[in-house]
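Below is one structure, written out as structure tokens, with a few remarks after it.
The values are calculated or read from the model by the stated rules, or taken from the named source; none is laboratory data. Keep in mind that what you see is a predicted model, and the values were worked out from it rather than measured. Here the Cβ positions follow ideal geometry from the backbone for every residue, glycine too, while neighbour counts run over all protein chains shown. Heads up: the accessible areas ignore ligands, DNA and RNA and are worked out on the full protein's heavy atoms, side chains in. Shrake-Rupley method; radii C 1.70, N 1.55, O 1.52, S 1.80 Å.
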Amino acid sequence: MLNVVITGGTSGIGLATAKLYLEKGANVYAVARDVGKYQDIQAELHAENYHFVQADIRNVVDCQRACMEIANKGKVIDILVNSAGVYGERAIGDTDEEFFQTILDTNIKGMYFIKSPVAKW
């Protein structure tokens, strides 16, 4: 059985991707910040193979902990889907440094650091 890690796996494209992998019988590990969203989705899906790993991918330590949490369950990560991301509907002149840093941390740093020593890649 495939073990799939999906960042942002509780909303948008990440959730849609999770549902497709669940239909194929994969174990899906949704890495996200909001446990409430996961609980709502789990109540709707009733999928035993849809798991939640709470982490903020902007945080390197959270990324490492999330991968190790999956590995500690004896799972090897077969597929990683980097779906977590943010964007701003702001003009460049209206974007402050703090918001720009959030975009970089989520969209770039998070993609890089959500890796694991037990992954196949």
DSSP loop trypsin sites (Lys or Arg not before Pro) with at most 12 other Cβ within 10 Å: longest gap in the chain: 25-72
Correct choice for Cα extents along the principal axes in Å that was computed from the model, options (i) 46, 30, 25; (ii) 57, 39, 24; (iii) 48, 32, 21: (iii)
Under DSSP loop assignment and at most 11 Cβ neighbours within 10 Å, longest GluC sites (Glu not before Pro)-free interval of the chain: 1-47
Set of lysines near Lys19 by C-alpha distance (under 16 Å), chain-local residues within fewer than 8 positions excluded: Lys37
Whole-Å distance, taken between Cα centres, linking segment 50-121 and segment 27-48: 17
Probe 1.4 Å, accessible area per residue of the chain, Å²: 59
The chain - mean residue ellipticity at 222 nm from DSSP helices (-39,500 (n - 2.57) per run, n ≥ 4, rounded to 500): -11000 deg cm²/dmol
Probe 1.4 Å, all protein chains present, accessible-area order of Val60, Val31, largest first: Val60, Val31
